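The values are calculated or read from the model by the stated rules, or taken from the named source; none is laboratory data. The model shown is predicted, which means the values in this text are computed figures rather than measured ones. Ideal geometry is used to build each Cβ from the backbone, glycine not excepted, and the neighbour counts take in all protein chains shown.
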Amino acid sequence: MLPRHEILDQMLPDHFILLKPRDIVSGDFYWFTFIENLAVFAAVDCTGHGVPGAFMSMLGSAYLNEIVNKEYITHPGVILRRMRKEVVRSLHQKGEIGEARDGMDMSICVIDYEKMKMQYAGANNPLYLVRKKEEKSPGQYQTTESDEYILYEIKGDHMSVSLSYSMDNFKVHDIDFLKGDMIYLFPMDLLISLAAPMKKKYSYKRFRNLLLSGCALPLDVQGEA
């Protein structure tokens, strides 16, 4: 159900994917499509691990295919709202005590390469954008700097793709995309996974510095790092 690597290599020549399921199957998945001259990609973290998480992943992938590929919806905020509606409907979530709290955290990014425009929306999951210092800032975002580059942390909304205390619309960030920009999408619990083998905390500051230190390297080398 994951996107075929041949398609990704053709449409996104410069990329790397890091997916290491704790079990044979996973509650994390990535998704990609190219539709109406737009590249649409997502990083999704479903509740649960193993088989329960994998069932949620299958639901999420099916919903994305339905919403984007069949209904031609490419606005990231609308995609997240439709995803939330489908999850709530499918899992019969009504906010009652004792019901399942399953859902997804995810980030959606849409890039128009002809106009060099990017739109991003997130349900808890952020987007990191790394850009050279001399280039124009994409907006008022929290930053981490190195000698040559700035990492901009573009945060998602504190809402999941499920029934939650807040059911507002998801904020969409419109960004002018520049040649040489680096984009990183990842689930918020990634740092827990990174810390597990070392049996100690792995901070976001350390993670951002890791990305900054290798952002000029080829993508496959960055993935190995």
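Some observations on this one:
- Of the helices (runs of 4 or more DSSP H) entirely within the range 4-93, those holding at least 3 residues that are closer than 22 Å to Q119 by Cβ and of a type outside the set (S, T, Y) occupy 5-11, 76-90.
- Among residues of the range 100-127 being crowded, with 21+ Cβ neighbours inside 10 Å and hydroxyl-bearing (S, T, Y), the one that is farthest from A54 (Cα to Cα) is Y120.
- All positions within the range 1-54 that are modelled with pLDDT under 85, surrounded by 14 or more Cβ atoms within 10 Å (Cβ to Cβ) and of a type in the set (S, T, N, Q): S26, T47
- The single condition among (1) free of Cβ contacts under 8 Å to residues at least 40 places away in the same chain; (2) surrounded by fewer than 16 Cβ atoms within 10 Å (Cβ to Cβ) that Y202 does not satisfy is (2).
- Subset tally (residues that are over 28 Å from I24 (Cβ atoms) and surrounded by fewer than 15 Cβ atoms within 10 Å (Cβ to Cβ)) for the range 62-74: 3
- From the list L59, L80, the one residue that fits, being over 30 Å from A216 (Cβ atoms), surrounded by 13 or more Cβ atoms within 10 Å (Cβ to Cβ), under 14 Å from the mean Cα position of the chain (by Cα) and not aromatic (F, W, Y), is L80.
- Check on S164, among the small types (G, A, S), in a loop (DSSP other than H, G, I, E, B) and surrounded by 14 or more Cβ atoms within 10 Å (Cβ to Cβ): yes
- Contact map, the range 1-25: residues that are closer than 19 Å to A62 by Cα paired with residues that are of a type in the set (G, A, S) and surrounded by 11 or more Cβ atoms within 10 Å (Cβ to Cβ), Cβ distance under 7 Å, separation 6+ or inter-chain. Pairs shown: M1/S61; V25/G50; V25/A54.
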